[in-house]
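Have a look at the structure below, then the notes.
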Amino acid sequence: MAMVAARAGVSGQTVSRVANDSPRVDPATRARVEQAMAELGYRPHRAARALRTGRSQTIGLVVTTLATVGNSRMLQATAEAAAERGYALTVVTAADGVASAFERLAEQEVDGAIVLNEASAQVSPDRRPTGLRLVVVDAPRDEGLTTVHSDHRGGAAAATARLLELGHSTVHHLAGPIDSFAAAERERGWRETLAAAGVEAPDVVRGDWTADAGFAAGGALAAASAVFCANDQMALGLLRALADEGRRVPDDVSVIGFDDVPDAANYRPPLTTIRQDFAALAQQAVGALVAEIEGEDAAGSRTSVIPTRLVERRSAAPR
């Protein structure tokens with residue numbers, strides 16, 4: 001830092017302010033210091049900064065799996081949102097339960113953690129780590145926890161209502177795992193929309209988020225005229241199964257998915273689906289956690305719901 005200060009012709013305090021992105025430096029001086037940093041190959045020392053501030057500038061991400069499209073997209077979005085705020089990200093799996101995952105994060109001295117999707121179901125009051133700030137994604141409102149989730153219920157309601165508007169007498173549902181908050185909320189939106197229309201809900205066909213599960217459900221759903229799938233991966237498998245059964249989409253069966261994965265527009269036919277805003281979800285989760293870490297906001301019971309929206313393509317049509 002002293003070498004940077006000498007080259008830029010400023011004080012060590014000014015270099016420190018630039019390194020910590022303080023607004024108390026005029027643009028011309030900042031540019032001169034940044035140029036000196038680049039010429040000398042200066043990088044802030046993370047370990048030294050942690051000793052000074054008491055923070056590691058690292059947050060944890062707890063997941064059960066990264067095999068699902070939703071979890072992998074959330075990992076990418078969370079890493080980007082953390083980097084924007086100057087935080088590194090460390091990922092741990094909760095294959096042996098969240099308690100062991102929290103222990104590993106505590107050993108790494110992270111400043112806080114985000115618990116993602118299926119792992120969120122394991123965060124009960126008696127399993128919360130002492131002294132570790134948490135934000136939980138895809139979990140019901142819980143006293144003392146900050147939670148963030150997409151509007152799963154509203155998105156499912158929009159998908160179901162659209163299929164009813166197209167003239168289908170009922171809408172079948174290919175649901176996600178029974179222990180998933182997101183799956184339960186999507187099922188709730190489907191049921192409530194059918195009930196409001198005076199339509200009795202058909203039996204649920206349940207899958208595990210995978211395309212294989214969607215394909216396996218084809219036999220049970222082959223006679224349906226409209227199906228709302230809890231995610232796009234299961235919808236993909238269902239499209240193949242329906243084709244194998246000689247059922248054309250959307251001529252014979254209309255299908256709507258959930259997530260709007262990048263490949264959804266290239267399904268055959270292009271998939272009508274509910275779009276989740278993974279970037280906004282990650283920004284909200286990381287922003288809330290960093291605000292607690294940096295003392296800008298106290299920990300407490302808060303819930304943020306990120307809107308979803310229907311994206312119409314060609315897999316749903318009038319009956």
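Hey, can you tell me all the residues within the stretch 179-208 that are among the polar types (S, T, N, Q) and over 24 Å from the mean Cα position of the chain (by Cα)? Outline the logic, then answer.
Looking only at the stretch 179-208, we keep the residues that are among the polar types (S, T, N, Q), and these are 180, 193.
Answer for the stretch 179-208, where residues must be among the polar types (S, T, N, Q) and over 24 Å from the mean Cα position of the chain (by Cα): just 193.
Could you list all residues from the stretch 21-39 that are closer than 30 Å to residue 111 by Cα and touching a residue at least 24 places away in the same chain (Cβ under 8 Å)? Don't jump to the end; show me each part of the working.
So the first thing to find is which residues in the stretch 21-39 are closer than 30 Å to residue 111 by Cα, and the list is 21-25, 30, 33-34, 37-38.
Selection gives 21, 33, 37.
Looking at 109, 118 in this structure, which one is charged (D, E, K, R), at pLDDT below 90 and surrounded by fewer than 18 Cβ atoms within 10 Å (Cβ to Cβ)?
Values: 118 fails: surrounded by fewer than 18 Cβ atoms within 10 Å (Cβ to Cβ).
Exactly one of 109, 118 is charged (D, E, K, R), at pLDDT below 90 and surrounded by fewer than 18 Cβ atoms within 10 Å (Cβ to Cβ), namely 109.
For the stretch 191-241, how many residues are assigned to a loop (DSSP other than H, G, I, E, B) and in contact (Cβ under 8 Å) with a residue 24 or more places away in the chain?
Of the residues in the stretch 191-241, 16 are assigned to a loop (DSSP other than H, G, I, E, B) and in contact (Cβ under 8 Å) with a residue 24 or more places away in the chain.
Against the condition more than 29 Å from the chain's Cα centre (by Cα) and either buried (at least 16 other Cβ atoms within 10 Å of the Cβ) or modelled with pLDDT of 95 or more (or both), how does residue 218 come out, does it pass?
Details: more than 29 Å from the chain's Cα centre (by Cα): no; either buried (at least 16 other Cβ atoms within 10 Å of the Cβ) or modelled with pLDDT of 95 or more (or both): yes.
So residue 218 fails the test.
Give the residue that is nearest to the chain's Cα centre (by Cα), with candidates limited to residues of the stretch 242-269 that are among the β-branched types (Val, Ile, Thr) and assigned to a loop (DSSP other than H, G, I, E, B).
That would be 261.
Can we say residue 316 is buried (at least 22 other Cβ atoms within 10 Å of the Cβ), assigned by TED's automatic domain parsing to the domain that holds residue 177 and in a loop (DSSP other than H, G, I, E, B)? Steps first, please.
Details: buried (at least 22 other Cβ atoms within 10 Å of the Cβ): yes; assigned by TED's automatic domain parsing to the domain that holds residue 177: no; in a loop (DSSP other than H, G, I, E, B): yes.
Here the answer is no, as residue 316 does not meet what is asked.
If residue 79 satisfies every condition in (1) assigned to a helix (DSSP H, G or I); (2) modelled with pLDDT under 90; (3) in the same structural domain as residue 286 (by TED's automatic domain parsing) but one, which is the exception?
Every condition holds for residue 79 apart from (2).
The values are calculated or read from the model by the stated rules, or taken from the named source; none is laboratory data. Values in this document were obtained by computation on a predicted structure and should not be read as measured data. In this analysis, Cβ positions are derived from the backbone assuming ideal geometry, glycine residues included, and neighbour counts consider all displayed protein chains.
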